[in-house]
Amino acid sequence: MTTAAPTDTTVTLARNSNQALGIGQFAVDFMSGKLGEPGEAVVERTRQFFTDSVLCGLSAIAMGTNAPRVLRDEALTYPRRQDGATIFGSNAPVAPEKAIVANAAAVREWDSNGTNFGYNPTLGHTAGEFGHNDFYPVPIAAAQLAGLDGKTALRGMILLDEIRGRLAEVFSLKSYKIDHVVHGAIGSAATYGAMLGATAEQIESAIGMFVAHYIPWRAIRAGKQLSDSKGASAAISTEAAILCMQRSMRGFIGPKDIFRNPEAIFRFFEPTTEGKQRWTEMADAPFDLVLSHSGDDFAVMGMHFKLGLYEHQSAGALQAIIDHVATNQHLLDDPEGDNIDTITILAYEPAFGIIGNPAKMDPKTRQSADHSMAYIVATLLRKALEYKKQHGSLPTEGGAYDAIWKTLMLDPHDYMEDESAIFHPLTRQLMQKITFEHGGPEYDAKYPDGIPTSLVITAKDGTKHDSGLVMYPAGHARNTTADLEDILAHKFELLGSIAVQDAKSIIDRFNSIADLNADQVKSLHDFEIVERGGFG
């Protein structure tokens, strides 16, 4: 079923093997420590993504966003005296799948936590599927149920990111209009089961059930103005995956060998029998799956941070704007932006299709505004103009202009559905100066290695300021110029100060996850979230 020498740092699940069972066995062996140990860099990077996700979630709850509120209220109607997990800001145990759906929805609500791009050229695995670090509530809930310590919970996070991250490298769900959260749900079932003592066969059964019963289409992300379904997609699919795992552990038997099943999504969309959909026992899955268990070459090391609230496809444009205003501050001398005549942005597909379609030029909701290239860039530029007017100049310390990233960082207040943000007259005026175009094959070929973007500002006097090609903006896994730890610390403080009275203590608590004992993990969410409102 697997091929890996004892000294290897990976396990290969070959396409001619039962990969669902292989994932189950890998998860069980990984959590037991049988396979080896992730390197310190992997542990540290996962810790950063975990804290980042929590601060995103807490601030979304504090500001009264709708989906987290509905799902939190729902969770509290499923109390559990025993065998329960907790939601953010509570010590009352509830049904674990309900805690997970509430917490994961909060984490994803701002669309501001980590992102992967499914790109591993070393192995030739470059399917380029999106994904986000939305699923850490799963290992936390499992640890609370099983009485496990924080170090073990963190290990579960590494496992979950490895499974979903490697699946994203080998199978592009978006190509078939399937939502990217499927990979995370599969990883969630495997991790939850392994942490709670499930067998490899039970995990296989749960993965089979989820894939057969609960595949979400990207319809949840379609439309001129997006709904709560977009932000809650990962949470709802994960809830389903956890229910599948629970049923499997109680004895329910789901479809076996789901990756080789010709009528499941993998072989249905990528047939491996010359287009025939007929089941043959020896038919292969569409891919080999390589999973790391030791060292530093884990999927999480290629995942990217968002340094504020914005769709990750816009990060290259944000870096270009920051670079421009840092070196050409005279462009900001007129507080109404009149020193800037036009802004032309070139980027790749799928960025152009996702955040550049005409409907995104007139966003009316937060969920649509944070998927509008024009809105995101115009808002950052408006904040630069306001700062320059008040302070006389922008700070320019740090590589990749770290100080400007922190000073202008987009936060929840920049997406308020009123004239302070989404309908701000200056933002709307600046949006009219922006043209967003597809860069063509040259740009497409460079994604998902980077976020290929160029931005040209034409000044009022006709001078053109060209960013050149931006590939690895601050926050990108291959960026080497920004002080990531410093910028993240600012982001954590910014979001934490919205959510709680003492942001430092809460940030320290989650940053210290690996040092917490089992009792501390059970009380991890026992603190008060400040109700600020704004989106309720």
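Which condition breaks for Gly22 when tested against (1) more than 20 Å from the chain's Cα centre (by Cα); (2) assigned to a loop (DSSP other than H, G, I, E, B)?
(2)
From the list Ser175, Ser188, Ser205, which residue is of a type in the set (Gly, Ala, Ser) and within 26 Å of Ile355 (Cβ to Cβ)?
Ser175
Give the stretch 34-51 a look and list any residue that's in contact with a Phe, Trp or Tyr (Cβ under 6 Å, 6 or more places away or on another chain) and polar (S, T, N, Q), or say none.
Within the stretch 34-51, Thr51 is the sole residue that qualifies.
On the basis of being small (Gly, Ala, Ser), on the phi > 0 side of the Ramachandran plot and at pLDDT 95 or above, does Gly197 make the cut?
Answer is yes for this residue.
For residues that are more than 28 Å from Glu417 (Cβ to Cβ) and either out of contact with any helix residue (DSSP H, G or I) (no Cβ under 9 Å at 6 or more places or on another chain) or not in a loop (DSSP other than H, G, I, E, B) (or both), tally how many sit in the stretch 59-81.
The total comes to 2.
Looking at Ala41, Ala27, can you tell me which residue is crowded, with 22+ Cβ neighbours inside 10 Å, in a helix (DSSP H, G or I) and touching a residue at least 40 places away in the same chain (Cβ under 8 Å)?
That would be Ala27, the only listed residue that is crowded, with 22+ Cβ neighbours inside 10 Å, in a helix (DSSP H, G or I) and touching a residue at least 40 places away in the same chain (Cβ under 8 Å).
Being over 23 Å from Leu13 (Cα atoms) and in a helix (DSSP H, G or I) is the filter here, so list the residues in the stretch 140-164 that pass it.
Ile140, Ala141, Ala142, Ala143, Gln144, Leu145, Ala146, Gly150, Lys151, Thr152, Ala153, Leu154 - these are the residues of the stretch 140-164 that are over 23 Å from Leu13 (Cα atoms) and in a helix (DSSP H, G or I).
Output the residue which, of all residues in the stretch 79-129 that are within 21 Å of Gly536 (Cβ to Cβ) and among the aromatic types (Phe, Trp, Tyr), is surrounded by the fewest Cβ atoms within 10 Å (Cβ to Cβ).
Phe88
Looking at the stretch 364-382, is at least one residue without any contact (Cβ under 8 Å) to a residue 12 or more places away in the chain and either within 23 Å of His490 (Cβ to Cβ) or of a type in the set (D, E, K, R) (or both)?
no
Would you check if Thr12 is of a type outside the set (A, V, I, L, M), touching a residue at least 60 places away in the same chain (Cβ under 8 Å), outside any loop (DSSP other than H, G, I, E, B) and out of contact with any Leu (no Cβ under 7 Å at 6 or more places or on another chain)?
yes
Give the residues of the stretch 370-424 that are on the phi < 0 side of the Ramachandran plot and either among the hydroxyl-bearing types (Ser, Thr, Tyr) or assigned by TED's automatic domain parsing to the domain that holds Gly64 (or both), sorted by residue number.
Ser372, Tyr375, Thr379, Tyr387, Ser393, Thr396, Thr407, Tyr415, Ser420
Please enumerate the residues belonging to the stretch 17-36 that are more than 19 Å from Tyr192 (Cα to Cα) and either touching a Cys at 6+ places or on another chain (Cβ under 9 Å) or at pLDDT 95 or above (or both).
Result: Ser17, Asn18.
Within the stretch 328-346, is even one residue hydrophobic (A, V, I, L, M, F, W, C) and over 22 Å from Glu386 (Cα atoms)?
Yes, the stretch 328-346 contains at least one residue that is hydrophobic (A, V, I, L, M, F, W, C) and over 22 Å from Glu386 (Cα atoms).
Considering every residue within the stretch 68-78, establish whether at least one is among the charged types (D, E, K, R) and closer than 17 Å to Val54 by Cβ.
Yes, some residue in the stretch 68-78 is among the charged types (D, E, K, R) and closer than 17 Å to Val54 by Cβ.
Taking Asp288 as the residue in question, decide whether it is under 27 Å from the mean Cα position of the chain (by Cα) and in contact (Cβ under 8 Å) with a residue 12 or more places away in the chain.
Taking the combined requirement at face value, the residue satisfies it.
Taking the condition of being over 26 Å from Gly64 (Cα atoms) and surrounded by 24 or more Cβ atoms within 10 Å (Cβ to Cβ), how many residues in the stretch 357-373 meet it?
0
Looking only at the stretch 303-348, count how many residues are crowded, with 20+ Cβ neighbours inside 10 Å, assigned to a helix (DSSP H, G or I) and small (Gly, Ala, Ser).
Count: 5.
Kindly list the number of the only condition in (1) buried (at least 24 other Cβ atoms within 10 Å of the Cβ); (2) of a type outside the set (Val, Ile, Thr); (3) not in a helix (DSSP H, G or I) that fails for Leu167.
(3)
Enumerate the helices (runs of 4 or more DSSP H) found wholly within the stretch 423-536, keeping only those where 2 or more residues are under 26 Å from the mean Cα position of the chain (by Cα) and among the acidic types (Asp, Glu).
Hits in the stretch 423-536: 484-499.
Can you tell me which of Asp508, Asp502, Asp483 is among the acidic types (Asp, Glu) and in contact (Cβ under 8 Å) with a residue 40 or more places away in the chain?
On inspection, the qualifying residue turns out to be Asp483.
Listed here are the residues, each with its yes/no results for (1) outside the structural domain of Arg221 (by TED's automatic domain parsing); (2) of a type in the set (Asp, Glu); (3) assigned to a helix (DSSP H, G or I).
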residue: Ser53; (1), (2), (3): no, no, yes
residue: Ala92; (1), (2), (3): no, no, no
residue: Glu97; (1), (2), (3): no, yes, yes
residue: Ala102; (1), (2), (3): no, no, yes
residue: Arg108; (1), (2), (3): no, no, yes
residue: Asp134; (1), (2), (3): no, yes, no
residue: Val138; (1), (2), (3): no, no, yes
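The values are calculated or read from the model by the stated rules, or taken from the named source; none is laboratory data. All of these numbers come straight from a predicted model, not from anything done at the bench. Note: ideal-geometry Cβ built from the backbone for every residue, glycine included; neighbour counts use all protein chains shown.
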